[in-house]
Each structure stands twice: as structure tokens, then as C-alpha cells.
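Input: a single structure, listed below in C-alpha cells.
The values are calculated or read from the model by the stated rules, or taken from the named source; none is laboratory data. Since the model is a prediction, treat every value here as computed from it, not as a measurement. Counting neighbours? That spans all protein chains shown, and the Cβs are built from the backbone with ideal geometry, glycine included.
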Amino acid sequence: MNKQPKISIITACFNSEETIEQTIQSVINQTYDNVEYILIDGASSDGTMEIVNKYRDRIAVLVSEKDGGVYDAFNKGIEYASGEYILFLNSDDYFFAESVIEQLADFLKDKNYPAGVYGDIYIKNELSGFISRYGELFNLEKIKNGSMPPHPGTLLSKKVILEFGGFDLTYRIAADFDLLTKIYLKYENMLFHIPILVTVFRLGGLSSHIETSPIVKQETKSIINHYFPDNDSVFDVSVSRTNEDYLKAWLEKVIFSNKSISEPLKQRQIKNVMIFGSGEMALLIAHDLKKNGIKVCGFLDNNRERQGIVMNGVKVFPPEGLIEKGQLLDAVIYGFQGYHEDAAEQQLDSFALKKSIIRLSWRNLISEID
């Protein structure tokens, strides 16, 4: 393959009027020239097609008809695709940057056109504003444990996809995991990770919906058992019971008593805080505090990949950021889900902060609510 490969991008959509335009624009604005865009619509009844038709001249193949779901639509797209490589982009996701496909194409060439390459994605919770990065080097052992490269960040050889018959429609939600498992079983050494952000993945699709979560787990477990019958690995998605109890207590007080975890802070006349942790728990705490008049000056996180991220207007700092902001603070709230308070205490002790800064866990705050 002497020239840059032709890359087909396939989007399946259905009633996606709120997000489809950003998806399309992220494709047509790519700097890479040899791109074919295929859009398969499942006979949307909202304004999706009115938006799509604004870009008709930039879409190589456009189909709008009833289908059997997203994987049926993707399979249709595969039939139309004329590119050597294919990327499946959801209708509510979008490319992270305009140069993404160009970077992937260059990487394909560097790796002598393998079975596939995959990068990382940003996972964005549109409701809470939480952002996390997902992506790493995957191997067959991780597949056995139910992990896989993110399909919106994965570029696969069309020839390889067709070798395995595309997506198995037996699976309602985990057909992408099934396909990638089959590909890894044969081509593990021909799949390469490139550590760049490829797409932004909006939570709220099939896999993240609470009603379909049991189906995801059931299908994933079924696939693992099918391909790895002697597998000793345990596919486990259990949740900490202790955290669940605290969260239930918080929820009960919010719903039935209109109480906030800010109340114990207000009783101490605390007005300015930083939250140690930048996960979803920390974001929930920040939302509660801000809503009740307490200023959240920042999140603290030792993970360098999270430092600099801004969530709901609040920036993530390294813990050393406390030294600069310490004079303005009244308290540090430990907002992580694990039990890391002792390690955090030792780290904060090393900063020689003013003694008046109070340190509290989110669990402490919940316990103190009347």
C-alpha cells in the first residue's frame, strides 16, 4: 500500500437531532483528505435528517430506513464502505481534534498497515460534567477480564472485519466486544495502541443506560465464557457496599429532608474549600456545595492526566496547588470513593498549611447531617 489508506467513517443514528451536527462537523473538518463518510439513519422521526441533509454533499453514502439497531446499521455501513480501514463513530460522539484521522493514518503506515490501531477517548457525562480518559495498551488477558479498546477510538481493517462477518446481531449491546474478542484471538500482535485522544464519548448511550446495564454484564459474561471456557479470570463489576450505604443515606436526606452536605460546613462557618479527588464522587460533592453557597476553589488529584481538566467550571490541580491557595481556604474535603484519607493526610502535612484549615471526608459530612 504505497498511498495513504482510504478510511471509511461510519455513523449510525436514530433521533439524534441534539448531537448529530457536532458529530458530522467533526468528521468533515478532518485534515486528512482520503476519508469516506457513511451515515446510516434508522428512519428518524425527529429533526435528524433535516440536519444531516445540510451536509449531504459531504456524505459519501446516506441511507435512511428502518433497521435492527445500531449494529445492524453498522453492518450496512460496512457493506457500503470502500475504505481499507473503518472507524465506527456514534451519533452522539465526535472527534477530539481535526487532525485525529491524519495521525491515525500516519500510525497505520508506520506499523505497516496492521489489523487495526486504537487510541484513547474522553468519556463525558453530559449531566454531571464529569470527564475521564479511557484508553491503554490492551491484550488478550484484558479481553478475558471484560475490557476492550473503545470502539469509537478504534480503526480496523475492513478485510479483518469481513473475515469475522461484521457485528453479530445476536448481541444487543456487546456486539462490539464480541467482534474485538474474535479479532484479538487471531490478530493480537497486529493491533497497536497510539496514545492520542481520538474521540469524545458522551455518556447516555446504550452501554451507559441504567436499564441496560444488566444486559451489558450478561452479554459480556456470555462472550467471555464462549471464547474462554477455561478462563480463570473473574469478570466482576461489584460496587463497594460501604460507599453504597453512605450514598443511600445522602440520597435519603436530600430527597426526604431537603438536607445538604454543606450544612456541617456552614455550621463551622466554612466558605471556601478544595476537594481532594476529581472523580464522580468529588463532582457530586462540588455540585452540592456550590448550590448551597460554598465556593469550591478547585479539585486536587495526584494523577497527572487529570490535572488541568476543568469540570463544571472548576479546575483540577496537583495537590501542591494547596500551597498557593491555602491562605484562601477554610477546608479540604476528601472526595474520593476509596479509603485513602491516611495517605492524603500525610501528603497535606508535608505542605505545612495553616492550622485553621479543616480536613473532612465526605463520609464525615454525611454522618453529621441532622
- Query: Hey, any hits in region 135-147 for a residue that's under 30 Å from Asn312 (Cα atoms) and without any contact (Cβ under 8 Å) to a residue 12 or more places away in the chain?
  - Reply: yes
- Met1 is checked against (1) within 22 Å of Leu203 (Cα to Cα); (2) at pLDDT below 95; (3) among the hydrophobic types (A, V, I, L, M, F, W, C) and fails just one. What number does that condition carry? (1)
- region 341-357 - residue that is of a type outside the set (Gly, Ala, Ser) and surrounded by 15 or more Cβ atoms within 10 Å (Cβ to Cβ) and, of those, nearest to the chain's Cα centre (by Cα): Glu341
- When every residue in region 72-96 that is out of contact with any His (no Cβ under 9 Å at 6 or more places or on another chain) and of a type in the set (Phe, Trp, Tyr) is compared, the one nearest to Cys13 (Cα to Cα) is Phe74
- Going through region 205-224 in order, the residues found to be among the hydroxyl-bearing types (Ser, Thr, Tyr), assigned to a helix (DSSP H, G or I) and modelled with pLDDT of 65 or more are Ser213, Thr220, Ser222
- Message: Being at pLDDT 95 or above, under 18 Å from the mean Cα position of the chain (by Cα), over 23 Å from Phe228 (Cα atoms) and not hydroxyl-bearing (Ser, Thr, Tyr): is that true of Leu155 here?
- Response: yes
- Query: Here is a list of conditions, (1) surrounded by 13 or more Cβ atoms within 10 Å (Cβ to Cβ); (2) within 25 Å of the chain's Cα centre (by Cα); (3) not small (Gly, Ala, Ser), and Val310 meets all of them except one; can you say which number that is?
  - Reply: (1)
- Message: Every residue in region 23-34 that is buried (at least 17 other Cβ atoms within 10 Å of the Cβ) and not hydroxyl-bearing (Ser, Thr, Tyr), please.
- Response: Ile24, Val27, Gln30
- Quick count over region 261-298, residues being crowded, with 20+ Cβ neighbours inside 10 Å, touching an Asp or Glu at 6+ places or on another chain (Cβ under 6 Å) and either under 17 Å from Leu322 (Cα atoms) or at pLDDT 95 or above (or both), is 2
- Task: Check Tyr184 against each of (1) over 23 Å from Ile215 (Cβ atoms); (2) assigned to a helix (DSSP H, G or I); (3) at pLDDT 95 or above; (4) not β-branched (Val, Ile, Thr) and name the one condition it does not meet.
- Result: (1)
- Filter result for Tyr94 (at pLDDT 95 or above, in contact with a helix residue (DSSP H, G or I) (Cβ under 8 Å, 6 or more places away or on another chain) and not small (Gly, Ala, Ser)): yes
- Task: Look at Ile323 and say whether it is touching a Phe, Trp or Tyr at 6+ places or on another chain (Cβ under 6 Å), farther than 15 Å from Phe276 by Cα and among the aliphatic types (A, V, I, L, M).
- Result: no
- Top-ranked residue in region 159-181 [being of a type in the set (A, V, I, L, M) and in a helix (DSSP H, G or I); ranked as nearest to Tyr71 (Cα to Cα)]: Ala175
- Could you please find all residues in region 319-333 being modelled with pLDDT of 85 or more and touching a Leu at 6+ places or on another chain (Cβ under 7 Å)? Pro319, Gly321, Leu322, Ala331, Val332, Ile333
- Item | Any chance Tyr122 is buried (at least 18 other Cβ atoms within 10 Å of the Cβ), at pLDDT 90 or above and touching a strand residue (DSSP E or B) at 6+ places or on another chain (Cβ under 7 Å) | yes
- Message: Can you say whether Asn243 is part of a helix (DSSP H, G or I) and at pLDDT 85 or above, as far as the supplied structure shows?
- Response: no
- Note on the structure: For region 199-225, pairs from a residue that is assigned by TED's automatic domain parsing to the domain that holds Val100 and of a type outside the set (A, V, I, L, M) to a residue that is at pLDDT 90 or above and loosely packed, with under 15 Cβ neighbours inside 10 Å, with Cβ under 8 Å and 6 or more apart or across chains, are Phe201/Tyr134
